[in-house]
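Nothing in this text is a laboratory measurement; each read-out follows from the coordinates by a stated rule. Being a predicted model, the structure only gives us computed values, none of them experimental. Using ideal geometry, Cβ is built from the backbone for each residue, glycine included, and neighbour counts are taken over all protein chains shown.
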Amino acid sequence: MGAIYILWRREIKRYVRSRTQIIASLGQPMLYLLALGFGLGPVFQRAGNGSYLQFLAPGVIGMTVLLSAVFSGLGLLWDRQFGFLKETLVAPVPRLSIVIGKSLGGVTVALLQGTLVVVVCLVAGFRPLHWLSLPQGFGYMALMALVFGGLGTALGSKLQDFQGMQLVMNFLVLPIFFFSGALFPLDHLPKLLGVVTAVDPLSYGIDGLRGTLIGWTHFGLITDLAVLVVVAGVTLVMGSYFFSRIEV
């Protein structure tokens, strides 16, 4: 437990001390909220779907959790580059404890960044149906962080250099975001696009977040919860497996 706590605390301290990271984490959400939320709002409203800002805010929150969680896992590359990972692996600590500590730290950081974006959304004009639904929303945010934190750990364990991060961003993370329904409703999509969104785990996280906050759901909250729990288990096991085989 001591090793888990130390690694968890290290991840939190690294985030809190990095003011640049905190500010940068708000850049994209503010851009989407201002450019899309207000720019496409009249079009969305004329289509009979209500306020686009209300619809978009859960998607922007989900995007923040996705990026934060994945890059927390990819932080293994930094640890490998500067020798911290080697020091951690040679310590008399089970590798499972290391994975748990780093995963909990990544989840906490993702929730902190997600909370900042929730505040930004509230300032921009977003209002949940019920304020008591916010704790349920944080539950979905935590599940998304677990899903993509495990994925990030698996990727960070396999990548050997920073050049691979561009491939991860362009061919994995960005498609996961854009096909998740964060920016558009999932109803009445073309068949092929509907299949792609249905296999995207972020779709269920954003759908669950949107359902709890504004009452708009496509798959249903029970389905969202079940899929996220299963996928979180799979990605965490996958991340633990690849981390157990890592060589420095």
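In table form, for the structure just shown:
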read-out	value
Close pairs from the stretch 104-131: first under 17 Å from A57 (Cβ atoms), partner assigned to a loop (DSSP other than H, G, I, E, B), Cβ under 7 Å, at least 6 apart	L129/G215
Scan of the stretch 38-62 for residues that are surrounded by fewer than 17 Cβ atoms within 10 Å (Cβ to Cβ) and free of Cβ contacts under 8 Å to residues at least 12 places away in the same chain, ordered by number	G39, P42, V43, Q45, R46, A47, G48, G50, S51
Scan of the stretch 189-215 for residues that are buried (at least 18 other Cβ atoms within 10 Å of the Cβ), among the hydrophobic types (A, V, I, L, M, F, W, C) and over 18 Å from F148 (Cβ atoms), ordered by number	L213, I214
Every residue from the stretch 216-248 that is of a type outside the set (A, V, I, L, M, F, W, C) and surrounded by fewer than 16 Cβ atoms within 10 Å (Cβ to Cβ)	G220, T223, G233, Y241, S244, R245, E247
Residue list for the stretch 122-147, filter: closer than 19 Å to L26 by Cα and crowded, with 24+ Cβ neighbours inside 10 Å	M141, M144, A145
